[in-house]
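What follows is a single structure, written as structure tokens, with notes after it.
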Amino acid sequence: MIVVFKKDADVKEIESLKESLVKKGFHLHESHGENHYLIGLVGDTSVIDPGVLRAQRIVEKVVFVQEPYKKANRRFNPDDLVVDVGGHKLGGGFFSVIAGPCSVESKEQVVSIAKSVRDSKAGMLRGGAFKPRTSPYSFQGMGEEGLEILLEAKRITGLPIVTEIMSVNQLEQYHSLVDVVQIGARNMQNFDLLKEAGKINKPVLIKRGISATLEELLMAAEYVLAGGNSQVILCERGIRSFQKDTRNLLDLSAVPILKSKTHLPVIVDPSHATGVWSLVEPMSKAAVAAGADGLIIEVHNDPDNALCDGDQSIKPDRFADLMVVLEKYIALENKTLN
């Protein structure tokens with residue numbers, strides 16, 4: 001249930017009503033904007049008569065919310081969330097591109113790629129230190145050494161770091177070292193990890209699970225938001241399909257649907273979605289047109305010899321060319337590349 005107050009509502013009367021609602025056992029979620037002030041009631045709303053609320057002279061209207069996600073719901077938060085990562089903004093009209101290798105392989109590799117993508121106007125550096133792989137025999141990442149390499153690249157280039165954390169233990173150990181904690185598709189419903197991510201003061205990027213519905217993705221975000229962390233970014237990265245020409249099926253319709261349902265920023269990963277480097281450029285353009293707030297793109301200086309996902313990685317020079325084109329598309333959507 002959402003209670004929308006009138007613009008000229010008396011502050012003391014609002015506070016009095018809020019106190020009475022808290023005493024009834026509700027958790028209140030407040031939203032302030034230039035043209036609105038509302039509170040969302042989280043709890044068993046069957047115990048309260050909506051007519052009593054509507055009768056309050058300070059109340060403009062009462063709106064019922066049927067969706068199970070409350071804090072992630074746009075009805076509770078009409079204004080788009082802007083996530084600020086070291087000065088690089090994402091959401092609310094700010095578009096950011098996260099770029100870098102799938103896996104950290106060496107200091108020379110990461111620093112070289114980081115410099116290149118920074119010069120091409122990428123806003124953040126991605127790189128996997130811990131890698132969840134389908135096969136136990138595949139390269140699993142460099143672990144803590146990989147994180148140190150990412151930190152060195154950050155010191156050299158100034159780019160904030162985005163990297164995947166796979167467990168509660170890793171989150172406790174390493175979240176302070178990174179700028180954005182990525183929770184991958186395989187961990188989207190790792191509820192213990194989501195709960196702990198709700199306790200940290202860092203942006204959390206949640207990738208949609210390979211067979212997850214949009215509501216399940218939003219409920220994953222709800223776990224983090226319910227824990228007190230309001231800085232959540234959603235990522236569409238392709239879902240399972242019978243189609244064999246691509247790694248996954250990029251569900252671009254998810255972008256405008258999510259944007260209508262939630263205030264959280266939505267980005268797209270065309271690299272993992274398609275699994276084909278030549279499709280990254282057209283799908284990136286399409287993602288911008290669909291309303292995405294950002295992209296996460298895999299860039300590798302030697303994809304033929306990459307230890308992970310070389311087939312879907314583009315080279316730095318091609319990424320530079322893509323960014324020139326994308327900036328024009330972003331401007332057409334009245335957004336700013338940040």
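The values are calculated or read from the model by the stated rules, or taken from the named source; none is laboratory data. Not measured: the values here are computed from a predicted model. Ideal geometry is used to build each Cβ from the backbone, glycine not excepted, and the neighbour counts take in all protein chains shown.
Residue pairs whose Cβ atoms lie under 7 Å apart, separated by 6 or more positions or on different chains, with the first residue in the range 271-296 and on the phi > 0 side of the Ramachandran plot and the second surrounded by fewer than 18 Cβ atoms within 10 Å (Cβ to Cβ) and not in a loop (DSSP other than H, G, I, E, B), are G275/D311; G291/P256.
For the range 166-209, a residue qualifies if it is in a loop (DSSP other than H, G, I, E, B) and of a type in the set (G, A, S), and the qualifying residues are S167, G184, G198, G209.
Among the candidates I113, I156, the residue that is at pLDDT 95 or above, more than 26 Å from K285 (Cα to Cα) and either more than 21 Å from the chain's Cα centre (by Cα) or not in a strand (DSSP E or B) (or both) is uniquely I156.
F242 satisfies every condition listed in (1) in a helix (DSSP H, G or I); (2) farther than 20 Å from P68 by Cα except (1). Quick check: anything in the range 216-225 in the same structural domain as M283 (by TED's automatic domain parsing) and in a loop (DSSP other than H, G, I, E, B)? No, that holds for no residue. Does A99 fit the bill of being in a loop (DSSP other than H, G, I, E, B) and surrounded by 20 or more Cβ atoms within 10 Å (Cβ to Cβ)? It is false that A99 is in a loop (DSSP other than H, G, I, E, B) and surrounded by 20 or more Cβ atoms within 10 Å (Cβ to Cβ).
For the range 22-41, filtering for residues that are buried (at least 16 other Cβ atoms within 10 Å of the Cβ) and over 12 Å from V59 (Cβ atoms) leaves 5.
Only residues that are modelled with pLDDT under 95, touching a strand residue (DSSP E or B) at 6+ places or on another chain (Cβ under 7 Å) and more than 22 Å from G33 (Cα to Cα) were counted across the range 73-97, and they come to 1.
In the range 159-198, of all residues being in contact with a Gly (Cβ under 8 Å, 6 or more places away or on another chain) and of a type in the set (G, A, S), the one that is surrounded by the most Cβ atoms within 10 Å (Cβ to Cβ) corresponds to A197.
Only one residue in F76, F95 is under 21 Å from the mean Cα position of the chain (by Cα) and in the same structural domain as I257 (by TED's automatic domain parsing), so which one is that? Full working, then the answer.
Details: F76 fails: in the same structural domain as I257 (by TED's automatic domain parsing).
None of the others qualify; the one that does is F95.
Only a single item in (1) farther than 23 Å from M124 by Cα; (2) of a type in the set (G, A, S); (3) over 15 Å from the mean Cα position of the chain (by Cα); (4) assigned to a helix (DSSP H, G or I) is not met by A212, and it is number (4). Only residues that are basic (K, R) and farther than 27 Å from K261 by Cβ: list them for the range 277-326, please. Those that are basic (K, R) and farther than 27 Å from K261 by Cβ: K315, R318.
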